Amino acid sequence: MKYSIALLPGDGVGPEVVAETVKVIDAAAEAAGDLEFAFTTLSVGAGEYLKSGDPLPPATLEECKQFDAILLGAMGLPHVRWPDGTEMTPQIDLREILDLYLGLRPIRLYAEQDTPLKGYKAGDIDFLIIRENTEGLFFGRKESYQPDASEVRDTMRISRHSSERLFRAAFRYARQRRGKVTLVDKANVLPSMAFFRRVFEEVAAEFPGTEREAVYVDAMSLYLVQDPRRFDVVVTENMYGDILSDLAAGLVGGMGMAPSGDVGDKYAVFQPSHGTAPTIAGKGIANPIATILSGAMMLQWLGGEAAVRAAAMIHRAVERLLTSTSSRTVDLGGQMGTVECGDRVIALLA
């Protein structure tokens, strides 16, 4: 089976971690058999904005739609901003334009030395955050304001349509995992969140036998640190998911260990949860594990037998790599560089 993949390496460390992921995917495809990938690199991000004046040119967007999937590195640079002071975020534009309503953020602990929590071993922390990607508090992000404004308001949009499809997906994922869904909201204060919870309860009735609970977002921040083992599938609004995903990544080693997928009914983009990290770009020390695991998520999403087999091989290789106390990138307290990390994952494929 042959798949065509659009590569959007982006800015900062993006090109470095994408290059290692392509190496790993090609090696896994060869090992799995009956699997081939054709990669095409497209220019998107702050660097493209500096060249053309548009971080996501319309022609590039249309080209992205022709591929089986999209693998993205990281986008944006602190010094490249719109006139209103916000950074370039073409990755968010992609989510909205392509209707990638499911933000999948798997959180898994691979080695006890990588968590700041005491008494947790590999596999003890294993949950999936599902973030609604197309509305929520991000809905008003493109609104402008006057420099002399005395106040600025952001609008949170919660629609029945987006909430229902989000929750149905969360319950389906839970049935593939351990059978529990946790809703995170602020229904005690915000009317939009009370509505969000009401729709959740309505959808939950369609899935008898699946455990469910609802937790306020402030309490969730506490519970994730106190007892992350209690969670399986966590579903929430856009901004809450953005914040909680970073908190959760800190429980398992940091952003270099946090893969993600943004998935819709037709298109999908896979990328590390981390940013461009411009202070270490070009130094060869960025952790590529999050991107490599995002590549494995992409293979699973593609769904062919050989692709799923290759994804499993990559996951096993990462687990084998991280069981060694000496196999750590700089962010995890080790000395392993970006290229060496990719090479070691390839050596462990089986």
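Side notes on the structure shown:
- If you go through the stretch 173-204 and pick out every residue that is over 21 Å from Tyr223 (Cα atoms), of a type in the set (S, T, N, Q) and surrounded by 14 or more Cβ atoms within 10 Å (Cβ to Cβ), you end up with 1.
- Residue within the stretch 242-251 that is touching an Asp or Glu at 6+ places or on another chain (Cβ under 7 Å) and of a type in the set (Ser, Thr, Tyr) present: no
- Whenever a residue of the stretch 144-171 is free of Cβ contacts under 8 Å to residues at least 12 places away in the same chain, its partners that are assigned to a loop (DSSP other than H, G, I, E, B) and not acidic (Asp, Glu), lying with C-beta atoms within less than 7 angstrom and at least six residues away or across chains, give the pairs Val152/Tyr145.
- The lone exception for Thr86 - which of (1) surrounded by 15 or more Cβ atoms within 10 Å (Cβ to Cβ); (2) within 22 Å of the chain's Cα centre (by Cα) it fails: (1)
- Residue-level analysis places Gly103 among those that are touching a Lys or Arg at 6+ places or on another chain (Cβ under 8 Å) and either crowded, with 22+ Cβ neighbours inside 10 Å or not assigned by TED's automatic domain parsing to the domain that holds Leu244 (or both).
- So Gly304, is it small (Gly, Ala, Ser) and over 20 Å from Glu20 (Cα atoms): yes
- Filtering the stretch 112-120 for residues that are within 23 Å of Leu94 (Cβ to Cβ), polar (S, T, N, Q) and either modelled with pLDDT of 95 or more or in contact with a strand residue (DSSP E or B) (Cβ under 6 Å, 6 or more places away or on another chain) (or both) leaves an empty set.
- Test for Val152: is it within 16 Å of Val199 (Cα to Cα) and either part of a strand (DSSP E or B) or at pLDDT below 90 (or both): no
- Within the stretch 321-343, the residues that satisfy the criterion of being among the charged types (D, E, K, R) and crowded, with 18+ Cβ neighbours inside 10 Å are Arg328, Asp331.
- Among the residues of the stretch 54-73, those that are outside any loop (DSSP other than H, G, I, E, B) and either charged (D, E, K, R) or within 18 Å of Ala296 (Cβ to Cβ) (or both) comprise Glu62, Glu63, Ala69, Ile70, Leu71, Leu72, Gly73.
- Top-ranked residue of the stretch 298-320 - restricted to ones that are within 19 Å of Arg105 (Cα to Cα) and of a type in the set (Gly, Ala, Ser), ranked as surrounded by the fewest Cβ atoms within 10 Å (Cβ to Cβ): Gly303
- Here the condition is being on the phi > 0 side of the Ramachandran plot and either of a type in the set (Gly, Ala, Ser) or more than 13 Å from the chain's Cα centre (by Cα) (or both); of Asp124, Asp99, Asp114, it holds for Asp99 alone.
- Qualifying residue in the stretch 173-193 (condition: hydrophobic (A, V, I, L, M, F, W, C) and part of a helix (DSSP H, G or I)): yes
- Qualifying residue in the stretch 184-206 (condition: under 22 Å from the mean Cα position of the chain (by Cα) and more than 15 Å from Leu137 (Cα to Cα)): no
- The residue of the stretch 54-77 that is surrounded by the fewest Cβ atoms within 10 Å (Cβ to Cβ), among those that are at pLDDT below 95 and in contact with a strand residue (DSSP E or B) (Cβ under 7 Å, 6 or more places away or on another chain), is Gly76.
- Positions within the stretch 1-53 being modelled with pLDDT of 95 or more, assigned to a helix (DSSP H, G or I), acidic (Asp, Glu) and buried (at least 16 other Cβ atoms within 10 Å of the Cβ), in sequence order: Glu16, Glu20, Asp26
- Here Pro208 meets the list (1) farther than 15 Å from Phe127 by Cα; (2) crowded, with 20+ Cβ neighbours inside 10 Å almost entirely, failing just condition (2).
Yes or no, residue by residue, for (1) of a type outside the set (A, V, I, L, M); (2) in contact with a Lys or Arg (Cβ under 8 Å, 6 or more places away or on another chain):
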site: Lys2; (1), (2): yes, no
site: Pro15; (1), (2): yes, no
site: Ile25; (1), (2): no, no
site: Pro55; (1), (2): yes, no
site: Ile70; (1), (2): no, no
site: Ala74; (1), (2): no, no
site: Glu112; (1), (2): yes, yes
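The values are calculated or read from the model by the stated rules, or taken from the named source; none is laboratory data. Given the structure is predicted, the values throughout are model-derived calculations rather than measurements. No Cβ is skipped: glycine too gets one built from the backbone with ideal geometry, and neighbour counts run over all protein chains shown.
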